[in-house]
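The values are calculated or read from the model by the stated rules, or taken from the named source; none is laboratory data. Just so we're clear, the structure is a prediction, and the values are computed from it rather than from any experiment. Glycine also receives a Cβ, built like all others from the backbone with ideal geometry; neighbour counts cover every protein chain displayed.
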Amino acid sequence: MCQLWNRRCILVVLLMLASVERAAIADDVTVERVQQLIQQLGDSSLSIRGEAERTLREFGPQVLSHLPAPDRISSPAARDAVLRVRDVLERQQAEATADASRVTLSGQLSLLEIVQSISEQTGNALDTSNIPGEVLQRQLDVDWSDITFWESIHRLEVETGFIARPEAKGKHLKFLPKRPDDVSRRIADAGAFRIVARSFSRRRDFTNESREILRVKFDVLAEPRLRPLFIRMTHADFELSAADHSLHPLNAEAKLERPAERGEATSLAIDFVTSKGSEVNVVDLVGQLTIELAAGEEPFVFRNLDTSKQVTRRRGGVTVTMDQTRFASTDESLPVSCWVDLRVAYDTTGPAFESHRTWVYHNEALLRSGKSDRRWFPDRFDTVAEAEAAVRLSYRFRDVTAQPSELEFVYTAPTLVISVPIDFKVSDISEQPSESNKPEE
């Protein structure tokens with residue numbers, strides 16, 4: 001009992017030290033210091049203005065919560081400088097979300113405590129409802145120092161015998177019993193992403209009788225907190241290694257763009273060429289692909305809907321403008337229907353807007369009461385206009401039981417769409433048994 005207490009004390013001390021370290025970093029960024037620097041942004045001296053702006057940028061994204069709204073800054077020079085600082089730091093903050101989450105734990109803890117701590121440290125929700133209670137209460141000695149989220153998941157899978165799978169349309173991983181095909185499951189972690197392959201299949205090449213085609217299927221998973229939009233890959237960037245030789249793609253020039261969804265695995269496949277009858281039983285898949293990621297999701301809040309028009313909010317690389325809110329009636333009778341007209345524009349263009357812009361329509365929009373917890377979601381929306389890297393939408397809300405003056409419109413959107421290249425290697429992928437050799441179930 002004393003030993004258990006000591007180990008838990010060590011865990012508490014480590015967490016306290018981490019908190020103290022974070023607090024020490026944040027101590028440099030005080031409201032008073034930020035106000036002083038903002039005043040210097042309006043100074044008549046160019047060198048003083050430049051030094052103040054550089055200092056604010058060096059504080060990093062942690063200073064964002066201390067920056068005042070532009071309309072509260074009287075000096076035009078200071079206002080423009082704050083907008084520049086905010087733009088740079090919000091982009092940094094958004095880009096940082098693509099990095100792998102990290103986990104640090106030490107001490108004797110139950111599996112349930114470990115799972116809870118992983119969720120708290122990474123922002124990734126985990127569902128353990130299928131794991132028996134006695135397994136969750138099992139005590140483990142852990143000494144994890146800055147390991148990735150996916151490494152922590154792998155260790156839990158080994159310890160519990162359950163496999164973490166994405167829940168359809170969900171934002172969490174659920175630990176589920178192993179399936180028969182999990183025996184051949186092979187994984188490779190690449191930052192905030194995981195590649196899962198199970199086996200490869202073999203078939204005849206009907207265009208060349210001296211060759212066979214090996215097809216490798218694999219899934220790409222993102223940390224649940226992330227919102228992947230689509231995956232791009234070129235077959236020439238992949239290679240299959242078998243024993244003492246390498247196999248190349250059947251169609252090296254082929255390029256693929258596959259939409260991705262939050263909370264789901266994205267399945268991909270590539271065909272490779274080998275000579276007929278070759279003794280290829282185990283292979284390694286080496287490749288690289290690019291994931292377009294909606295990064296840095298932030299809420300854009302608009303108030304005073306009964307009187308506000310042409311109100312613009314900007315975060316990172318996105319600008320959201322609420323043109324107007326139209327109510328079905330002007331009297332005070334409830335419930336009421338209304339339409340919110342909105343424009344969304346991103347600074348940069350690219351594949352995210354050229355061939356897969358549908359993700360823009362999946363951004364969350366809602367009305368909420370400023371005086372209670374009531375919320376209303378749109379029952380429909382219309383696309384009023386589309387342009388390069390921009391869209392104009394109209395959301396309809398019905399049966400709203402709050403006065404227009406107390407309503408707030410909240411639109412949640414990624415502040416940046418970024419390309420995340422990943423390189424990986426999945427080792428020891430075995431051949432899928434032929435139908436005649438499959439074990440009886």
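Being touching a residue at least 40 places away in the same chain (Cβ under 8 Å), of a type in the set (Val, Ile, Thr), surrounded by 14 or more Cβ atoms within 10 Å (Cβ to Cβ) and under 30 Å from Ala69 (Cβ atoms) is a condition met by at least one residue of the stretch 303-324. Based on this model, can you work out whether Gln121 counts as surrounded by 14 or more Cβ atoms within 10 Å (Cβ to Cβ), assigned to a helix (DSSP H, G or I) and not basic (Lys, Arg)? Yes; evaluated as a whole, the condition is true for this residue.
Just one of (1) among the hydrophobic types (A, V, I, L, M, F, W, C); (2) at pLDDT below 90; (3) surrounded by 15 or more Cβ atoms within 10 Å (Cβ to Cβ); (4) within 27 Å of Ser419 (Cβ to Cβ) fails for Val85. It is (2). Return a yes/no flag: does the stretch 396-409 have any residue that is part of a helix (DSSP H, G or I), among the charged types (D, E, K, R) and either within 28 Å of the chain's Cα centre (by Cα) or over 23 Å from Val318 (Cα atoms) (or both). So far as the stretch 396-409 goes, yes, one or more of its residues are part of a helix (DSSP H, G or I), among the charged types (D, E, K, R) and either within 28 Å of the chain's Cα centre (by Cα) or over 23 Å from Val318 (Cα atoms) (or both). Among the listed residues Glu134, Glu90, Glu151, which satisfies the condition of being over 30 Å from Phe424 (Cα atoms) and either modelled with pLDDT of 95 or more or in a helix (DSSP H, G or I) (or both)? Exactly one residue qualifies, and that residue is Glu134.
For the condition under 21 Å from Arg198 (Cβ atoms) and exposed (fewer than 14 other Cβ atoms within 10 Å of the Cβ), what is the one hit in Ala252, Ala260, Ala265, Ala269? Show your work before the answer.
Details: Ala252 fails: under 21 Å from Arg198 (Cβ atoms); Ala260 fails: exposed (fewer than 14 other Cβ atoms within 10 Å of the Cβ); Ala265 fails: exposed (fewer than 14 other Cβ atoms within 10 Å of the Cβ).
Just a single option satisfies the conditions, and that option is Ala269.
Within the stretch 284-292, one or more residues are small (Gly, Ala, Ser) and at pLDDT 90 or above. Of the numbered criteria (1) under 25 Å from Arg225 (Cβ atoms); (2) free of Cβ contacts under 8 Å to residues at least 24 places away in the same chain; (3) surrounded by 14 or more Cβ atoms within 10 Å (Cβ to Cβ), the one Ser65 fails is (3). Taking every residue in the stretch 395-411 that is outside the structural domain of Val344 (by TED's automatic domain parsing) and pairing it with any residue that is assigned to a strand (DSSP E or B), at least 6 positions away or on another chain, yields no pair with a Cβ-Cβ distance below 8 Å. Could you look through the stretch 132-150, keep only residues that are surrounded by 15 or more Cβ atoms within 10 Å (Cβ to Cβ) and within 26 Å of the chain's Cα centre (by Cα), and pick out the one that is nearest to Ile195 (Cα to Cα)? Ranking the qualifying residues of the stretch 132-150, first place goes to Trp150. Looking at the stretch 406-429, can you tell me whether even one residue there is at pLDDT below 90, over 26 Å from Gln93 (Cα atoms) and among the polar types (S, T, N, Q)? No, the conditions are met nowhere in the stretch 406-429. Among the residues of the stretch 105-118, count how many are surrounded by 17 or more Cβ atoms within 10 Å (Cβ to Cβ) and under 13 Å from Ile153 (Cα atoms). Of the residues in the stretch 105-118, 5 are surrounded by 17 or more Cβ atoms within 10 Å (Cβ to Cβ) and under 13 Å from Ile153 (Cα atoms). Just one of the listed residues (Phe162, Phe149) is among the hydrophobic types (A, V, I, L, M, F, W, C) and in contact with a helix residue (DSSP H, G or I) (Cβ under 7 Å, 6 or more places away or on another chain), namely Phe149. The set of residues in the stretch 154-199 being among the β-branched types (Val, Ile, Thr) and touching a Lys or Arg at 6+ places or on another chain (Cβ under 8 Å) consists of Ile163, Ile187, Val196.
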